[in-house]
Every structure is written in structure tokens, then in C-alpha cells.
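Worksheet: one structure, shown below.
The values are calculated or read from the model by the stated rules, or taken from the named source; none is laboratory data. All values derive from a computational prediction rather than experimental measurement. Cβ placement follows ideal geometry from the backbone for every residue including glycine, while neighbour counts extend to all protein chains displayed. These area figures cover heavy atoms from the full protein model, side chains too; ligands, DNA and RNA do not enter into them. Shrake-Rupley method; radii C 1.70, N 1.55, O 1.52, S 1.80 Å.
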Amino acid sequence: MTEVEFDILDELYFVASYPDLRSTLSLSDEELCQGLQSLLQQGYVRIMYPNQDTEYEFRPEEFGQHCQDYFYLATKAGLVVHNSI
């Protein structure tokens with residue numbers, strides 16, 4: 001797990017919007033979206049959309065266009081990995 005991925009997971013113990021993540025983390029939009037996509041592909045994060053209570057399927061082909069529209073939450077697997085480092 002990269003340092004960027006670790007920092008992102010650190011913020012996802014509770015549902016967070018993209019703007020909240022962006023304001024909390026010192027990352028560019030490109031770094032943040034890439035980190036989120038990597039965590040999603042590993043099954044460590046899930047997307048919530050159109051609201052904080054509705055899980056949304058990760059679609060790699062459209063993620064880059066909509067990265068900033070979603071809410072995010074760490075999965076149990078993501079939390080286990082995050083806490084083991």
C-alpha cells in the first residue's frame with residue numbers, strides 16, 4: 001500500500017465526500033482520484049452515490065469522469081489492512 005493510499009484510507013472510517021477528502025488531504029485531484037481508483041480495485045473502498053447511504057457499483061471505465069461526484073467509505077478489508085500497517 002502506498003503512502004497516498006494509506007492517507008486516503010485514514011480518512012474513510014466514516015463516509016466522506018470527495019470535496020471533504022480534497023480539503024483534508026494535501027493531494028492533487030489526479031493523485032486523489034488515482035489513489036481512490038487503486039483502493040477500489042483492491043476492494044478496500046466502496047463508492048456511495050447518489051447519497052451517503054446508497055452503495056454504487058465501481059465502474060472503472062467511467063470512474064475518472066465521476067471521481068469527484070462520489071462519496072467514499074473504507075470496506076472491512078480496507079480497515080483491516082490499514083490497521084495492520
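Take the residues in region 60-70 that are without any contact (Cβ under 8 Å) to a residue 24 or more places away in the chain and open to solvent by 80 Å² or more (accessible area, probe 1.4 Å); name whichever of them is farthest from LEU21 (Cα to Cα).
Result: GLU61.
The set of residues from region 18-54 being open to solvent by 20 Å² or more (accessible area, probe 1.4 Å) and small (Gly, Ala, Ser) comprises SER23, SER26, SER28, SER38, GLY43. Do we have LEU73 as in a strand (DSSP E or B) and either open to solvent by less than 90 Å² (accessible area, probe 1.4 Å) or in contact with a helix residue (DSSP H, G or I) (Cβ under 8 Å, 6 or more places away or on another chain) (or both) here? Against the criterion (in a strand (DSSP E or B) and either open to solvent by less than 90 Å² (accessible area, probe 1.4 Å) or in contact with a helix residue (DSSP H, G or I) (Cβ under 8 Å, 6 or more places away or on another chain) (or both)), LEU73 qualifies.
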